[in-house]
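I have placed the structure first, in the form of structure tokens, so that the comments after it can refer back to it.
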Amino acid sequence: GTPLTLLGIESSCDDTGAAVVRGTPGAAQVLSSEVQGQADLHAAFGGVVPEIAARAHAEQLDQVVARALDSAGVTLQEIDAIAVTAGPGLIGGVLSGVMCAKGLSVATGKPLVGVNHLAGHALTPRLTDGTAFPYLMLLVSGGHCQFLLVHGPEQFTRLGGTIDDAPGEAFDKAARLLALPQPGGPAVEACARDGDAKRFRLPRPLLDRPGCDMSFSGLKTALLRERDGLLQDNALRATERADLCAAFQQAVVDVLREKTARALDLYLAEAPATPTIAVAGGVAANTPIRNALTALCAERGVQFTAPPLALCTDNGAMIAYAGLERFAAGQRDDMTLSARPRWPL
Ligand code: KG4
Ligand code: ZN
């Protein structure tokens, strides 16, 4: 088909993103991707404050969109359609993005395409590597954790996921317990580098149960218990903190690796032509997790794909691309498009 040019807008959590993507399904390029984070605004509160996030998105969106168009060297008139995250996420932020996209759509007469944020993450390997359907996706972020069989742009089968915390959330809580900075994932990973993962024995929740469901909240409780045991004797020493981080991270790695192996069995039963496992979400930045999955894929003779970090975390390019897939399939929305706080795939 003819190449399509999509503007994508993302504002479902604490990153304001806008991007321009051009191409066809499975063969598209990122012309620009601008992300304005809000970490500094939320830092003092120890987590994302929805009202502050919504206001910041509303204030930032116009500029971020303008920067994305500018660095792509594209005008609004040259865009074929405007894609926007319509959920799931913090409702105020999603609303800010949807209103911005509707405004642009009305002003230019360009079609509007609503995108599920999770579909944006799940389709990213198609943007970065042209990965063919069906592939197995492990989506691991601060808010999400699930295995998806991706059969088409809007055809997903959920094989399992967390029954409580997402792994990124667990990393963030672990960091808080150990007085490390936020976001916790990178801080725990860095601290764990000097640690001995075997000194503390933390649980591997749900590994004894069949299926692909996971649980991470018990891990945090176990970590708290070990920490408090140590604190009875002295303030936490650097080596102790490193050992706790290493033990925690190793437990997450072991759970993800084993559950991915099970999801892989279900996927391979469908006899895909080019078996591929892809990861997305902020936690996919974790090197030991990537290494464990790379090793698993090598053992089982399947391809492994991890998008570059900037496209693993929240961004507008994945929304533009997911919008491109929908738009190319003839789908579009109108002014009745609504923002949805909950929207399972
Ligand atoms: O995808 P993302 O940017 O936002 C959403 O949650 O949607 O993911 C952010 C999460 C945070 O919880 C952060 O601690 C985690 O990803 N994260 C990591 C690493 N880098 C970011 N977790 C483990 N290891 C990392 N290197
Ligand atoms: Zn996300």
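The values are calculated or read from the model by the stated rules, or taken from the named source; none is laboratory data. On a predicted model such as this, the values are computed, not experimentally measured, just so you know. Counting neighbours? That spans all protein chains shown, and the Cβs are built from the backbone with ideal geometry, glycine included.
Quick notes
- The range 231-272 - residue that is assigned to a loop (DSSP other than H, G, I, E, B) and either under 23 Å from the mean Cα position of the chain (by Cα) or within 30 Å of residue 303 (Cα to Cα) (or both) and, of those, farthest from ligand 1 (Cβ to nearest atom): 271
- Inspection of the range 277-294 finds no residue satisfying the criterion of being farther than 30 Å from residue 19 by Cβ, away from ligand 1 (no atom under 15 Å from the Cβ) and not aromatic (Phe, Trp, Tyr).
- Taking the range 19-53 as the range and being within 16 Å of ligand 2 (Cβ to nearest atom), under 27 Å from residue 80 (Cβ atoms) and β-branched (Val, Ile, Thr) as the test, only 35 passes.
- For residue 143, the requirement of being surrounded by fewer than 21 Cβ atoms within 10 Å (Cβ to Cβ) and either away from ligand 1 (no atom under 16 Å from the Cβ) or at pLDDT 95 or above (or both) is not met.
- Qualifying residue in the range 81-96 (condition: assigned to a loop (DSSP other than H, G, I, E, B), out of contact with any Leu (no Cβ under 9 Å at 6 or more places or on another chain) and touching a residue at least 24 places away in the same chain (Cβ under 8 Å)): yes
- The single condition from (1) surrounded by fewer than 18 Cβ atoms within 10 Å (Cβ to Cβ); (2) within 16 Å of ligand 2 (Cβ to nearest atom) that residue 16 fails is (1).
- Complete set of residues in the range 30-63 that are over 20 Å from the mean Cα position of the chain (by Cα) and within 29 Å of residue 129 (Cα to Cα): 31, 61
- Which numbered condition residue 157 misses (of (1) surrounded by fewer than 24 Cβ atoms within 10 Å (Cβ to Cβ); (2) within 16 Å of the chain's Cα centre (by Cα); (3) part of a strand (DSSP E or B)): (2)
- Unique match (being closer than 27 Å to residue 134 by Cβ, more than 16 Å from ligand 2 (Cβ to nearest atom), of a type in the set (D, E, K, R) and free of Cβ contacts under 8 Å to residues at least 24 places away in the same chain) among 262, 237, 257, 209: 209
- Of residues in the range 298-326 being in a helix (DSSP H, G or I) and surrounded by fewer than 18 Cβ atoms within 10 Å (Cβ to Cβ), the one nearest to ligand 1 (Cβ to nearest atom): 309
- Which numbered condition residue 254 fails, given (1) under 28 Å from residue 172 (Cα atoms); (2) surrounded by 17 or more Cβ atoms within 10 Å (Cβ to Cβ); (3) assigned by TED's automatic domain parsing to the domain that holds residue 225: (2)
- Residue check, residue 220 buried (at least 16 other Cβ atoms within 10 Å of the Cβ), away from ligand 1 (no atom under 16 Å from the Cβ), part of a helix (DSSP H, G or I) and of a type outside the set (Gly, Ala, Ser): no
- Residue within the range 108-117 that is away from ligand 1 (no atom under 16 Å from the Cβ), more than 19 Å from residue 329 (Cβ to Cβ), hydroxyl-bearing (Ser, Thr, Tyr) and not in a strand (DSSP E or B) present: yes
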